[in-house]
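K.L.:
Mind having a look at this structure? Questions to follow.
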There are 2 protein chains.
Amino acid sequence: MKHITLKDLAKQLGLSTATVSKALKNYPDVSDETKKSVQDLARELNYEPNSFALGLRSKESKIIGVIIPTMIHYFFSSVLDAIFKEAEQRNYMVIVMQSNEEYCNEKKQVDLLLNKGVDGILISLSNKTNDFKHLQKIIDYDIPLVLFDKIAKLVNCSKVFIDDKKAAYEAVSYLISKGYKRIAHFRGDLNPQNSIDRFLGYKKALEDHGITFDPSLVYLCDNNSDFSDGYSSAKQILLDHGDNVDAIFTVNDLMAIGAINYFNEKGIKIPEQIALFGFSNWFMASVITPSLSSIDQNAYQMGKKSIEILFEEILSKKSNKPFTHKKIVIDTELVIRNSC
Amino acid sequence: MKHITLKDLAKQLGLSTATVSKALKNYPDVSDETKKSVQDLARELNYEPNSFALGLRSKESKIIGVIIPTMIHYFFSSVLDAIFKEAEQRNYMVIVMQSNEEYCNEKKQVDLLLNKGVDGILISLSNKTNDFKHLQKIIDYDIPLVLFDKIAKLVNCSKVFIDDKKAAYEAVSYLISKGYKRIAHFRGDLNPQNSIDRFLGYKKALEDHGITFDPSLVYLCDNNSDFSDGYSSAKQILLDHGDNVDAIFTVNDLMAIGAINYFNEKGIKIPEQIALFGFSNWFMASVITPSLSSIDQNAYQMGKKSIEILFEEILSKKSNKPFTHKKIVIDTELVIRNSC
DNA sequence: TTGTATGCGTTATCAC
DNA sequence: GTGATAACGCATACAA
């Protein structure tokens, strides 16, 4: 079976393709009679305009591109879920690519998307990205761009993110309010802003509450900041500090869960002997034992806002209206459970 | 900044677009000299052929479409991970759509993908799909189609799946071998084949080991077969059977984890008072307490195989070779942990 | 060895 | 009210 074209319709009706095209778009200068016959036949034969031809003429693809570090991540799945739903409502399709936390992949993927003629791009930067020429290229090509979650402050585009420093500050303040004093931090990679900000929030909360910051309580997890990092850091911190540490604030839930597993194995009581506070509020946090206190990042909201802004910019561009980039801060929420 | 076209190159070099086009594709009938000058300039200006024009001529989009029930699912994320990696290697891009377990979404999405001119389609069917006209349409349009995981036996295309019945049989047989006798089953939706097959495997294992099948031990979870289903069914089974049940085989891990949570809350010892066996081997299964025995579905392998077959068919079609559809059964594996 | 002409499917401009 | 024509960017058959 082949796709029906304007030509097919025109031939069957003894009209020109020009008239058929105009009839389908309800142009005023076509008689109602021809309009009806054209539209009826088009419906009957399930005519759909060829998207390549459309693209060639209009430069519009009705596709938006999304680049994320990784797919297998509760946070990003949730963001994508929102993006898909919003895109679909607007009759847009979504091309997804994974950078796998590699700058060179991200760069190549940007080129591919630009070449494919996507109408807009959403990116959550890889941890290794600290050169932004590829993002500038998107802007130079005049393609709307929105950065979310892992953003670059210096790039001139819209951004959707959370206040990592504030969220971390609140979490650590909560721990302090519960009486914990020797609070460690399992921090993430040195590079990404999130990781830096969460560390800064941790540090500031200590200082504001009169607790001296002790660098030896900060553990750098530069692998993947994943389960095994949490597990091994938990082991290490006991070797280093014994019971002279009473709580750990981790840069993400996975590390907290790794730590919980280690402590559970060793029969160390949570939160009595050591308390834990995660970050991201993965589904998992609610079902492990003990359930993990965490910071909800509102992933769905982040995805929704990101694509909403992207579409605003796409529409502005289409109608040649000016557009001022937005910076949206998504609210976070402390979710207190049994780990502290 | 604008995209460079053949015309731009031609103008700058004082050549025709035809010659430039041929030079770029290394045609034998272009002088080495012009070839070099063209290729040098193309590289310098970062020329990339316009993908709409390419599509319009060749009918190839270099895009494949994937429809899955939902994004937020460890299994599907892992499948997508594999699909992305394999597609990228072949310079293909991937459009992803979620059916949200709704037939009408799935149908609409198929139409969108066909209209977009994708070169191939991968689908894991929604639980509610039991009409396959939309799939037939793909076949009629001569677009390669591979069904994976949630397949339809009657549709004439390649399929990649696991042997659900066998896997369930093995899990339940394992429970029996450990001495459990009153083994319940939390089953999934009545419609999808997976759910049916897992139930049949459960039943057959009982019968083959001389345990009478007791229908009152089968709980139908027709909501989403998710965490809360597991939790509430766990509650119900205790009301119905008290301690006259010693193990539960669940249709997926989420339901098992829901049940574990209920039993943990009530202080019911796992596996001493009741054992559990899940299905899918989500990451979560390894980190909850107690860790959950499950069946690993080899999601990555399933994604990889699916797209490999899809590309085989795409290539065959391109070179007008015949292609016989394949049925690939992905091996599953029992992963025994502390819940039984 | 290079250039001209055509078509892919659509739409906009301009004749008729 | 309708139709011929050109253009979007590319590749190719064919002419020079």
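The values are calculated or read from the model by the stated rules, or taken from the named source; none is laboratory data. Note that the coordinates shown come from a computational prediction; the quantities given were computed from them, not determined experimentally. Methodologically, a virtual Cβ is constructed for each residue, glycine included, from the backbone with ideal geometry; neighbour enumeration extends over all protein chains shown. These area figures cover heavy atoms from the full protein model, side chains too; ligands, DNA and RNA do not enter into them. Shrake-Rupley method; radii C 1.70, N 1.55, O 1.52, S 1.80 Å.
K.L.:
Quick check on segment B:230-340: of the DSSP beta bridges with both residues there, what percent are antiparallel, nearest 5%?
P.N.:
Antiparallel bridges: around 40 percent, rounded to the nearest 5.
K.L.:
Report the full-extension gain for the segment B:K166 to B:Q273: residue separation times 0.36 nm, less the Cα-Cα distance, to one decimal in nm.
P.N.:
Length difference between fully extended and current span is 35.8 nm.
K.L.:
Same structure, new question: Carbon and sulfur together cover what percent of the accessible area of segment A:157-204 at a 1.4 Å probe radius?
P.N.:
The C+S portion of the solvent-accessible surface of segment A:157-204 is 55 percent.
K.L.:
With each run of n ≥ 4 DSSP H residues scored as -39500 (n - 2.57), what mean residue ellipticity at 222 nm is computed for chain B after dividing by its residue count and rounding to the nearest 500 deg cm²/dmol?
P.N.:
Computed ellipticity for chain B at 222 nm equals -14500 deg cm²/dmol.
K.L.:
With all protein chains present, calculate the accessible area of B:F311 using a 1.4 Å probe and round the result to the nearest 10 Å².
P.N.:
Result for B:F311: roughly 10 Å² accessible.
K.L.:
Obtain the nm distance between the two label points defined at B:F132 and A:E44 by a simple spin-label model: each point lies 7 Å from its Cα along the Cα-to-C-beta direction.
P.N.:
Once both label points are built, they end up 3.1 nm from each other.
K.L.:
Sticking with the crude label model, points 7 Å out along Cα→Cβ, report the distance from B:I139 to A:Q12 in nm, one decimal please.
P.N.:
In this crude spin-label approximation the distance works out to 2.5 nm.
K.L.:
With springs only between Cα atoms under 10 Å, which of B:L112, B:L154, B:L254 fluctuates most in a Gaussian network model of chain B?
P.N.:
Among B:L112, B:L154, B:L254, the largest mean-square fluctuation in the Gaussian network model of chain B belongs to B:L154.
K.L.:
Using a 1.4 Å probe on protein heavy atoms only, how many Å² of accessible area do B and A hide from each other, summed over both chains and rounded to 100?
P.N.:
Roughly 4900 Å².
K.L.:
Right, another one. Using the Cα centre of the protein assembly as shown as the reference point, and only Cβ charges (+1 on K/R, -1 on D/E), how large is the resulting charge dipole? Debye, rounded to the nearest 20.
P.N.:
Values: 84 positive and 86 negative charges, 399 e Å.
So the magnitude is around 1920 debye.
K.L.:
For A:I328, list long-range residues whose amide hydrogen, built 1.01 Å from N in the peptide plane, is under 5 Å from its own amide hydrogen.
P.N.:
Excluding prolines and chain starts, which carry no amide H, the hits are A:K159, A:V160, A:F161.
K.L.:
How high is the relative contact order of segment B:164-296? Use alpha-carbon pairs under 8 Å, at least six apart in sequence, and give a whole percent.
P.N.:
Reported as a whole number, the value is 25 percent.
K.L.:
Quick one: Cα centre-to-centre distance for segment B:232-288 and segment A:81-148, in angstrom?
P.N.:
Using only Cα atoms, the two centres lie 42 Å from each other.
K.L.:
Moving to a separate point now. Quick one: order A:D222, B:D226 from most to least accessible surface, probe 1.4 Å. It would help to have the intermediate numbers written out before the result.
P.N.:
Working: A:D222 100, B:D226 45 Å².
From most accessible down to least: A:D222, B:D226.
K.L.:
Note down the nm distance, to one decimal, between modelled labels 7 Å out along Cα→Cβ at B:R57 and at A:K59.
P.N.:
Each label point is offset 7 Å from its Cα along the Cβ direction, giving 2.2 nm.
K.L.:
Just subtract the alpha-carbon distance of B:N244 and B:K266 from 0.36 nm times their residue separation and send over the number in nm, one decimal.
P.N.:
In short, 6.2 nm is gained.
K.L.:
Put A:H241, B:H325 in order of accessible area, largest first, 1.4 Å probe: what do you get?
P.N.:
If we order A:H241, B:H325 from most to least accessible, we get B:H325, A:H241.
K.L.:
Could you pull the accessible area for A:F132 with a 1.4 Å probe, rounded to 10 Å²?
P.N.:
Here the accessible area works out near 60 Å².
K.L.:
For chain B, what does the relative contact order come out to in percent, with C-alpha contacts under 8 Å and a separation of six or more? Please list the in-between numbers first.
P.N.:
On the way: 610 pairs, mean separation 54.8, N = 340.
Reported as a whole number, the value is 16 percent.
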